[in-house]
Amino acid sequence: MPFAFHIDIVDLVLKGILIGIIASAPMGPVGILCIQRTLNKGRWYGFVTGVGAAVSDFIYALITGLGMSFVMDMVNNAHNQFLLQITGSVLLLLFGIFCFRSDPTKNMHVSGKQKGSYLHNGLTAFVVTLSNPLIIFLFMALFAQFSFVVPHHPLEMCLGFLSIPLGALLWWYGLSWLVDKVRAFFDIQGIQIINRVIGSVVILFSIVVLFGTVFNLYTLPHY
């Protein structure tokens, strides 16, 4: 039915946006760089830093999705899908704990006050993010948890993957806007607080989803 088809598309796009936000939120090197450039150069310099990171994340999301499409071809029953979702929830929980316990300001790169061009700021953020392929493991956990990869549906997957950088851009826009508004009160401790809040949200989210997935075990059909 056409109506059901549109509902599925909306669901996939919303999942992609959420994945983009979660993947961008932790205060890694680019997150700190975005905050520093917002404080030192202005809000839009911080935002274009996030744009560069979003492009890099999009590339890694495509690579991860391509690899997982082969795995999803083998996951052809409800039990295997359940195990894959449980694995994704546990990995996401561990990531949240790591995010909460980590100190993002340790060995952080200090951004200078010389503005440079928007292109230069975006490209440097792109290179920094691209040099960290470990983001693939986070995408694997998120894709598994959300059952995001749907093989043999290229149109739907194209829209889903395009929604990932949209979610990332929403995060970077919101972060640069918030830092710009509270710049008079923002310091290193503010970065640490943001990281712990993000870690706590990811932990809580993963626990809720984990319990929800386990609960759904009792509603899965038996073949």
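The values are calculated or read from the model by the stated rules, or taken from the named source; none is laboratory data. None of these values were measured; they are calculated from a predicted model. FYI the Cβ positions are ideal-geometry reconstructions off the backbone, even for glycines, and counts take in every protein chain you see. Surface areas here come from the heavy atoms of the whole protein model, side chains and all, with no ligands, DNA or RNA. Shrake-Rupley method; radii C 1.70, N 1.55, O 1.52, S 1.80 Å.
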Legend entry - Among the residues listed as Ser176, Ser206, Ser200, the single one being closer than 26 Å to Leu92 by Cα, under 17 Å from the mean Cα position of the chain (by Cα), open to solvent by less than 40 Å² (accessible area, probe 1.4 Å) and at pLDDT 85 or above: Ser176
Legend entry - Count of the range 7-64 residues which are assigned to a helix (DSSP H, G or I), under 15 Å from Gly122 (Cβ atoms) and among the basic types (Lys, Arg): 2
Inset, instruction - Evaluate the range 133-140: report whether one residue or more is assigned to a loop (DSSP other than H, G, I, E, B) and open to solvent by 50 Å² or more (accessible area, probe 1.4 Å). - result: yes
Inset, instruction - Within the range 179-197, track down each residue that is loosely packed, with under 15 Cβ neighbours inside 10 Å and aromatic (Phe, Trp, Tyr). - result: Phe185
Inset, instruction - For Thr213, work out the one condition from (1) of a type outside the set (Gly, Ala, Ser); (2) at pLDDT 75 or above; (3) surrounded by 15 or more Cβ atoms within 10 Å (Cβ to Cβ) it doesn't fulfil. - result: (2)
Legend entry - Residue among Leu91, Leu123, Leu62, Leu66 that alone is modelled with pLDDT of 80 or more, open to solvent by 80 Å² or more (accessible area, probe 1.4 Å) and closer than 21 Å to Ser163 by Cα: Leu66
Inset, instruction - Quick one: count up the residues across the range 159-214 that are aromatic (Phe, Trp, Tyr) and not in a helix (DSSP H, G or I). - result: 1
Inset, instruction - Could you grab the pairs with beta carbons closer than 7 Å, sequence gap of 6+ or different chains, first residue in the range 150-170 and among the small types (Gly, Ala, Ser), second one in a loop (DSSP other than H, G, I, E, B) and surrounded by 15 or more Cβ atoms within 10 Å (Cβ to Cβ)? - result: Gly160/Phe148
